[in-house]
Amino acid sequence: MKILVTGSAGFIGFHLVKKLLETGHKVTGIDNINSYYDPELKFARLAETGIGRNAETLGWPLESSLYPGYSFIRMNLEDKERLEDLFRNEKFDWVCNLAAQAGVRYSIENPSAYISSNIVGFLNILEACRKNNIKHLVYASSSSVYGNSSKMPFSVNDRVDKPVSLYAATKKSNELMAYTYSHLYKLPATGLRFFTVYGPWGRPDMAPILFSNSIMAGTPIKVFNNGNLERDFTYIDDIVEGILKVFDHPPVFNSAVPDDVPHSVFNIGNGKPVRLMDFIEILEKELGKVAVKEFLPMQPGDVYKTWADVTELHEQFGYKPDTTLEKGIFEFASWYKKYYH
């Protein structure tokens, strides 16, 4: 298959690209390599897939020195004309849209970035898929769409119309937009609500690296809501496995079913919420150092608990995450000590 992965210099995108290439697919990756967090980490991820530092040149396609089937282009999703040219020229079979402006708290500080990337950029992806008969669009949604729902675990059948951050609102908007395109144009599309992904090469604005940096430096880690938070931490390999399972099974339009729409949404998580303090304790053990903790109140836009009901993904595709928290943090800490120290 010929696959486009957007956000390919990002955390999940990088791991997905590597797995796709290792399983024999031909992949084109695009990413704008923005400065939301340190671009050096993004360039380091690209280097792991054989893409050189000249990737920073906007709009210049590069071939991988490690994987013959991989090429990378620095590009903004908001650049509609260039995006449509890419689709026309490359004739992709599948598209995985992981590019987005991430971060819950940052969406309060810089809301316009989220509308530009997550709404306008996603519309351009939908339009390009529609015009080029893409066989399957898989796109990133988020567990943040559940807001502060007290119903646990979160099910894809729950109402998700009370987001508590603009980031969450844009992700719910993506689901609605994709559904509409599936309804109007019979575009097979699947949204994946990711739950707190962690692992090697993770984002530096997320808890594992933020905590690790502070622990190693001996500075306080910020523990919000006085530590009374729970997250459905999901190891990156389990996330990639789920994406691949979904990719192989696009929703099928059934004309015999009234109002049938080839669109699906799934939770993709570990299915086991973990206390934040337990996560910190295991991380301290792997780093060999006790954290100095600064307990703080709840932050605007945060949620108290996430817990994925992955029943649908398991029943339809056999998805069963099997990475324990201890093993996942061990792998993360091993990478962290090598990369950062």
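The values are calculated or read from the model by the stated rules, or taken from the named source; none is laboratory data. Source: prediction; values computed, not measured. Methodologically, a virtual Cβ is constructed for each residue, glycine included, from the backbone with ideal geometry; neighbour enumeration extends over all protein chains shown. Heavy atoms of the whole protein, side chains included, go into the accessibility calculation; ligands, DNA and RNA do not. Shrake-Rupley method; radii C 1.70, N 1.55, O 1.52, S 1.80 Å.
For the range 188-260, the relative contact order comes to 47 percent (Cα pairs under 8 Å, sequence separation of at least 6).
Take the Cα of H341, step 7 Å toward its Cβ, do the same at M1, and the gap between the two points is 4.0 nm.
Heavy-atom accessible area per residue, the range 30-139, 1.4 Å probe: how many Å²? Intermediate values should be presented prior to the final figure.
On the way: 4880 Å² over 110 residues.
In whole numbers, the range 30-139 has 44 Å² accessible per residue.
Between 0 and 90 degrees, the angle of helix 276-287 with respect to the longest Cα principal axis of the chain falls at about 80 degrees.
For the chain, what is the calculated [θ] at 222 nm in deg cm²/dmol (nearest 500), taking -39500 (n - 2.57) for each run of four or more DSSP H residues and dividing by its residue count?
Values: 12 runs with 130 residues, N = 341.
It lands at -11500 deg cm²/dmol.
Per-residue SASA remark: V265, around 30 Å² accessible (1.4 Å probe; ligands, DNA and RNA not included).
Relative to the Cα centre, the charge distribution of the range 1-139, modelled as +1 at Lys and Arg Cβ and -1 at Asp and Glu Cβ, gives a dipole magnitude of about 380 debye.
When the solvent-accessible surface of protein heavy atoms is calculated with a 1.4 angstrom probe, in what order do V104, V240 fall, highest first? Present the calculation step by step, with values, prior to reporting the outcome.
Numbers: V104 40, V240 10 Å².
Correct descending sequence by accessible area is V104, V240.
Residues S65, S149 ordered from highest to lowest accessible area at a 1.4 Å probe: S65, S149. Computed from Cα atoms, the angle from the helix 207-217 axis to the main principal axis of the chain rounds to 40 degrees.
What is the sum of charges, Lys and Arg at +1 and Asp and Glu at -1, for the other residues whose Cβ falls under 12 Å from the Cβ of A44? Around A44, the surrounding residues sum to +1.
Please give the length that would be gained between L210 and N254 if that part of the chain were fully extended, namely 0.36 nm times their separation in residues minus their C-alpha to C-alpha distance (nm, one decimal). Please report the intermediate quantities before stating the final value.
On the way: separation 44, 0.36 × 44 = 15.84 nm, distance 4.71 nm.
Using 0.36 nm per residue and subtracting the Cα-Cα distance, I get 11.1 nm.
Highest mobility in the GNM of the chain, judged by mean-square fluctuation with C-alpha springs under 10 Å and restricted to P208, P300, P200, is found for P300.
Averaged per residue, the range 245-293 has 52 square angstrom of accessible surface, using a 1.4 angstrom probe with ligands and nucleic acids left out. The trypsin sites (Lys or Arg not before Pro) of the range 151-256 that meet both conditions, a loop assignment by DSSP and at most 13 other Cβ atoms within 10 Å of the site Cβ, are K151, R159. Only Cα pairs under 8 Å and 6+ residues apart enter the sum, and on that basis the relative contact order of the range 142-266 stands at 33 percent. The angle between the Cα long axis of helix 325-340 and the main principal axis of the chain comes to about 90°, on a 0 to 90 degree scale. Which of L123, L276, L58 ends up with the largest GNM mean-square fluctuation for the chain, with Cα atoms connected below 10 Å? Largest GNM mean-square fluctuation: L58. With just the Cα atoms defining each centre, how far is the range 206-239 from the range 306-333? Give it in Å. Measuring centre to centre over Cα atoms gives 18 Å. Based on C-alpha pairs under 8 angstrom that are at least 6 apart in sequence, the range 1-151 has a relative contact order of 24 percent.
The DSSP beta bridges internal to the chain are antiparallel in roughly 10% of cases.
For the range 158-171, the Karplus equation 6.51 cos²θ - 1.76 cosθ + 1.60, evaluated at θ = phi - 60°, returns couplings of 6, 6, 10, 10, 9, x, 10, 8, 5, 4, 4, 4, 5, 5 Hz by residue, with Gly and Pro reported as x. Taking every alpha-carbon pair within the range 1-136, the share separated by more than 18 Å comes to 51 percent.
To the nearest 10, the accessible area of M1 is 100 Å² with a 1.4 Å probe. For the chain, which whole-number percentage of the solvent-accessible area (1.4 Å probe, protein heavy atoms only) is attributable to carbon and sulfur atoms? Carbon and sulfur atoms account for 52 percent of the accessible area of the chain.
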